[in-house]
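Below is one structure; the comments refer to it alone.
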Amino acid sequence: MKFDPKLYSRPLLILALITTFAFFIRLINLTLIPVFADESIYIRWAQVMRAESSLRFLPLSDGKQPLFMWLVIPFLKLFTDPLAAGRIVSVIAGSFSVAGVAVLSYLLYSNVRTSLLSAFILALVPYAFFFDRFALVDSLLTTFIVWAVVFVVLTAKLIRLDTAMITGFFLGFALLTKSPAQIFLFLLPLPFFILRPEGYKKRDLLRTLFLIATIWLIALAMYNILRLGPEFHLISLRNKDYVYSLSEVIRHPLDPLVSHLKGTLSYFFYLLTPPVFMAAVVGFFVGLKKTPRISLFLLLFLLLPLLAQDFIAKVITARYFLFLVPFVAIFAAVGTLSLAEKFSRTQKVNLSFSILALLIWPSLLILRLLVRPQAAALPASEHSGYFQLWTAGYGIKETAQYLRQRASDSRHIVVGVEGFFGTPLNGLQMYLNDLPNIRIFGIGLDLTRVPDSLKNALAENEVYLVINDSRLFISDPQSVGLKLIASYPKAIQPNGTVEHLLFFRVGESSSVASLK
C-alpha cells in the first residue's frame with residue numbers, strides 16, 4: 001500500500017479542517033451545562049492524585065481504571081476551572097475519533113468521499129457531540145477503540161508486526177480506560193478472517209495467529225500495570241454491581257434484554273437523529289449487496305458489543321454505547337452517498353443536497369445544546385440525569401463562589417453536604433480544592449434534623465448546609481436555625497415539578513434571604 005502525498009494532499013487538508021471544526025464546536029460554551037455527578041468524582045480524583053503521588057491508583061478504590069484521570073492531571077495545571085480541565089480531555093478525544101473514523105472508512109472502502117463524509121457525520125452527530133463535552137471516560141474509550149480497529153484492519157490487510165503492535169497499544173489504552181474494552185479482545189481477531197487479502201494461504205494462518213497473540217500480549221501487559229495499585233481486585237468486584245453473572249442471564253435471558261434493546265434503539269434514534277439513523281440503515285443494506293464482507297465486519301463490531309451490554313448490564317445509559325457511534329457514522333455515509341447517486345441527475349448538486357438534508361437536523365439539535373441545553377430534545381433518561389435530578393450540578397459553582405468569597409479573609413468554614421459522593425459533595429470539593437480553610441464533608445441522605453456534626457462546629461466556624469430539596473425533610477428549616485442563602489432550580493421534570501439545590505447557613509434564625 002503506497003502513499004502518494006500529492007494524491008492525498010487535498011483530502012488530508014479537508015480532513016484536517018473537519019477535525020479542527022469538530023474540536024472548536026465542542027469548545028463553545030464548554031461549561032454551560034453544570035457539572036454532572038460522575039464528572040465531579042473523576043475530576044476530584046484527579047485533583048487528589050495530582051496532590052499526592054502515592055494515590056495515583058485512587059480510582060481503583062471504586063473499581064475504575066485511572067487512565068482518564070491521569071490525563072486530566074496536566075490540564076489541571078493549565079486551566080483555572082477544573083470542570084474545563086476535565087472536559088477538554090474528552091473534547092480532544094472526540095476530535096481524534098473524528099479523524100480515526102475517516103481513516104477506518106478509507107481503509108474499508110478506498111473511497112475518499114465515504115471517508116470524509118463519515119468524519120463529518122461523526123463531527124456533527126449529537127450523540128458524539130453531547131458526550132464529547134463531558135469529563136467522562138466514554139469519549140476517551142471511543143477514540144482508543146476506533147484507532148485500535150484502524151490498526152487491526154491495517155494488520156489484517158498487510159500482515160505486519162509493527163501495525164499489530166500499535167493495535168495492542170491502543171487496545172491496552174482502552175483497557176486502562178474502561179472495562180467494556182474487554183469485549184474487543186475477542187472482536188479484534190475477526191478482521192483477519194473477514195477482511196483477509198486476496199491470495200491468503202494456509203501458511204499465513206500461523207503468522208495471523210502470531211499477530212493476534214502479539215496484540216493480546218501487549219494489551220494485557222498494559223492492563224496488568226494496574227496490579228501496581230493495591231486495590232486492583234476491586235475492578236472485577238465492582239463490575240458485578242453493574243452486570244449480571246452468566247448464570248443469572250441464563251435464568252432470565254429476555255429480562256432485561258428486551259427493555260434494554262428498546263432503550264438502546266431510542267438512544268440511537270434520538271441522539272443520532274432520525275435522518276442519520278435512517279441513512280445508516282440504508283447504508284447497511286446497500287453494503288450487504290455491494291460490499292458484504294465489509295458490512296459484515298462493521299455489523300459485528302456494532303452489534304456484538306451492543307447485545308453483550310444489553311444482555312448483562314443491570315442498568316444502561318446512552319453513553320455506554322458511545323464507542324459504537326463511529327461504526328454507525330460509516331454506515332450513514334455509505335447510505336447517504338448511495339441515495340445521492342440513485343436519486344439525482346447531477347452528482348455534485350445531489351451530494352450537497354443530500355448532506356444538507358442529512359445534517360440539518362443534527363445541526364439544529366447541536367445549536368440548541370450550545371445555547372439552551374435544557375430545551376434540547378434528548379431521551380428522557382439523559383435529560384433527567386444531566387438536567388433535572390440530584391446528579392445535575394446546578395448551583396454548585398455559584399455556591400462555591402460564595403464560599404470562596406467568605407473564605408477570602410481566612411475565616412474557617414465548615415460545609416455539610418448531602419450524600420457521600422458525586423454532586424453536590426465532590427462538585428464543591430472540586431471547585432474549592434485550593435482552600436485549606438474550608439472543610440467539606442458528606443452528612444448522608446434524607447435529612448430530618450440538623451446533624452450534630454454541624455451544630456458542634458458552630459463554636460469556631462461558619463457552618464453551611466448544601467442539600468437538594470428532595471432530600472430535605474424538615475418542614476420549617478428556619479425554625480431549626482437554617483437560613484436560606486440561595487435556591488438554585490434545575491430543569492422542569494415531566495410531572496411539572498422542579499428540584500432545587502438549597503444552600504443554607506447553619507445557626508441563624510433571621511429572615512430568609514435569597515441570592516439571584
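The values are calculated or read from the model by the stated rules, or taken from the named source; none is laboratory data. A quick note: this is a predicted structure, and the numbers were derived from the prediction, not measured. Neighbour counts run over all protein chains shown; Cβ positions are idealised from the backbone, glycine included. For the accessible areas, the whole protein counts, side chains as well, though only heavy atoms, and no ligand, DNA or RNA atoms are used. Shrake-Rupley method; radii C 1.70, N 1.55, O 1.52, S 1.80 Å.
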Discussion item. Can you give me the angle between helix 138-158 and the longest principal axis of the chain, using Cα atoms only, in degrees from 0 to 90, rounded to the nearest 10?
Written reply: 20
Worksheet item: Which whole number of Å³ per residue matches the convex hull of the alpha-carbon atoms in segment 182-253?
Response: 126
Discussion item. Which one, LEU76, THR163, HIS260, is farthest towards the positive end of the dipole of the chain when Lys and Arg carry +1 and Asp and Glu -1 on their Cβ?
Written reply: THR163
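Considering only protein heavy atoms, with the full assembly of protein chains and a 1.4 angstrom probe, order ILE145, ILE166, ILE41 by accessible area, largest first. Before the final figure, lay out the partial values.
Values: ILE145 5, ILE166 65, ILE41 25 Å².
From most accessible down to least: ILE166, ILE41, ILE145.
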Discussion item. Restricting things to Cα coordinates, could you compute the convex hull volume per residue of segment 362-473 in Å³?
Written reply: 112
Worksheet entry | Where the Cα pairs of segment 1-156 fall when distances are cut into 5 Å bins, in % | 2, 9, 17, 19, 16, 13, 10, 8, 4, 2, 0
Practice prompt. Compute the accessible area per residue over segment 1-104, keeping the other protein chains in place, probe 1.4 Å, unit Å².
Written response: 45
Fill in: 5 angstrom amide H check on GLY419, placed H, neighbours 5+ away
ILE443, GLY444, LEU445
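As a check on your grasp of the helix formula, calculate [θ] at 222 nm for the chain: sum -39500 (n - 2.57) over DSSP H runs of n ≥ 4, divide by the residue count, round to the nearest 500. Please report the intermediate quantities before stating the final value.
Values: 22 runs with 302 residues, N = 516.
The helix contribution divided over the chain gives -19000 deg cm²/dmol.
Please go through the residue pairs LYS397/LYS490; LYS64/LYS240; LYS178/LYS397; LYS77/LYS397; LYS64/LYS314 and name each one whose alpha carbons sit more than 23 Å apart in this structure.
Details: LYS397/LYS490 14 Å; LYS64/LYS240 13 Å; LYS178/LYS397 28 Å; LYS77/LYS397 19 Å; LYS64/LYS314 17 Å.
Flagged as over cut-off: LYS178/LYS397.
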Worksheet item: Dividing the alpha-carbon radius of gyration of segment 249-347 by 2.2 N^0.38 Å (N being the number of residues), what value is obtained?
Response: 1.21
Practice prompt. Treating the angle as unsigned and between 0 and 90°, give the value, to the nearest 10°, between the Cα long axis of helix 82-109 and the longest Cα principal axis of the chain.
Written response: 10
Item to complete: Provide SER259, SER139 ordered by accessible surface of protein heavy atoms (probe 1.4 Å), highest first.
Response: SER259, SER139
Discussion item. If you restrict to DSSP beta bridges whose two residues both lie in the chain, what percentage is antiparallel, to the nearest 5?
Written reply: 60
Worksheet item: Taking the highest mean first, how do the peptides 404-410, 277-283, 425-431, 376-382 order by number of other beta carbon atoms within 10 angstrom per residue?
Response: 425-431, 277-283, 376-382, 404-410
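Compute the accessible area per residue over segment 300-401, keeping the other protein chains in place, probe 1.4 Å, unit Å². Don't skip to the answer; put the middle values down first.
Working: 4370 Å² over 102 residues.
The answer is 43 Å² per residue.
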Response to the item:
Rounded to the angstrom and largest first, Cα extents along the principal axes for segment 47-137 equal 50, 25, 20
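Could you size up the charge dipole of segment 373-441 around its Cα centre, putting +1 on the beta carbon of Lys and Arg and -1 on that of Asp and Glu, and report it in debye to the nearest 20? Spell out each step's value before the answer.
Details: 5 positive and 5 negative charges, 45 e Å.
Result for segment 373-441 is approximately 220 debye, rounded to the nearest 20.
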Worksheet item: Taking only Cα atoms, what is the 0 to 90° angle, nearest 10, from helix 161-175's long axis to the longest principal axis of the chain?
Response: 30
Practice prompt. Check cross-link reach from LYS483 to the aspartates and glutamates: straight Cα distance under 12 Å, and skip same-chain residues fewer than eight apart.
Written response: GLU508
Item to complete: Take segment 227-281, compute every pairwise Cα distance, and split them into 10 Å bins from 0; I just need the percent in each bin.
Response: 19, 27, 25, 24, 5
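For the peptides 411-419, 95-103, what is the packing order when you average, over each peptide's residues, the other Cβ atoms within 10 Å and list the highest mean first?
Working: 411-419: 20.2, 95-103: 25.9.
In descending order of packing, they fall as 95-103, 411-419.
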Worksheet entry | Accessible surface of segment 142-272, 1.4 Å probe, proportion on carbon and sulfur as whole % | 70
Item to complete: Pop out the carbon and sulfur fraction of the accessible area of segment 366-516 as a percent, whole number, probe 1.4 Å.
Response: 52
Worksheet, complete the sentence: Computed about the Cα centre, the charge dipole of the chain from +1 Lys/Arg and -1 Asp/Glu charges at the Cβ has a magnitude in debye, to the nearest 20, of 1840
Worksheet item: Just the accessible area for VAL286, please: 1.4 Å probe, Å², rounded to the nearest 10?
Response: 30
Worksheet item: Over the alpha carbons of the chain, what is the largest minus smallest coordinate on each principal axis, giving the biggest first in Å?
Response: 83, 53, 52
Discussion item. So for each of 243-253, 288-298, 447-457 I average, over its residues, the number of other beta carbons within 10 Å; can you give me the resulting order with the highest mean first?
Written reply: 288-298, 447-457, 243-253
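Rounded, prolate or oblate, given the Cα gyration tensor of segment 409-459, with a/c below 1.5 counting as rounded? The partial results should precede the final answer.
Working: a/c = 3.44, a/b = 1.15, b/c = 2.98.
Since a/c reaches 1.5 but b/c is at least a/b, the shape of segment 409-459 is classed as oblate.
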Worksheet entry | Rounded to the nearest 20 debye, dipole of segment 79-184 from Cβ charges on Lys, Arg, Asp, Glu | 200
Worksheet item: Going 7 Å from the Cα of VAL315 in the Cα-to-Cβ direction, what parts of segment 467-507 have a backbone nitrogen less than 17 Å from that spot?
Response: 471
Worksheet item: For the chain, what relative contact order do you get, as a whole percent, if you take Cα pairs closer than 8 Å and at least 6 residues apart?
Response: 15
Practice prompt. Averaging sequence separations of C-alpha pairs under 8 Å and six or more residues apart, then dividing by the length of segment 1-104, give the relative contact order as a whole percent.
Written response: 35
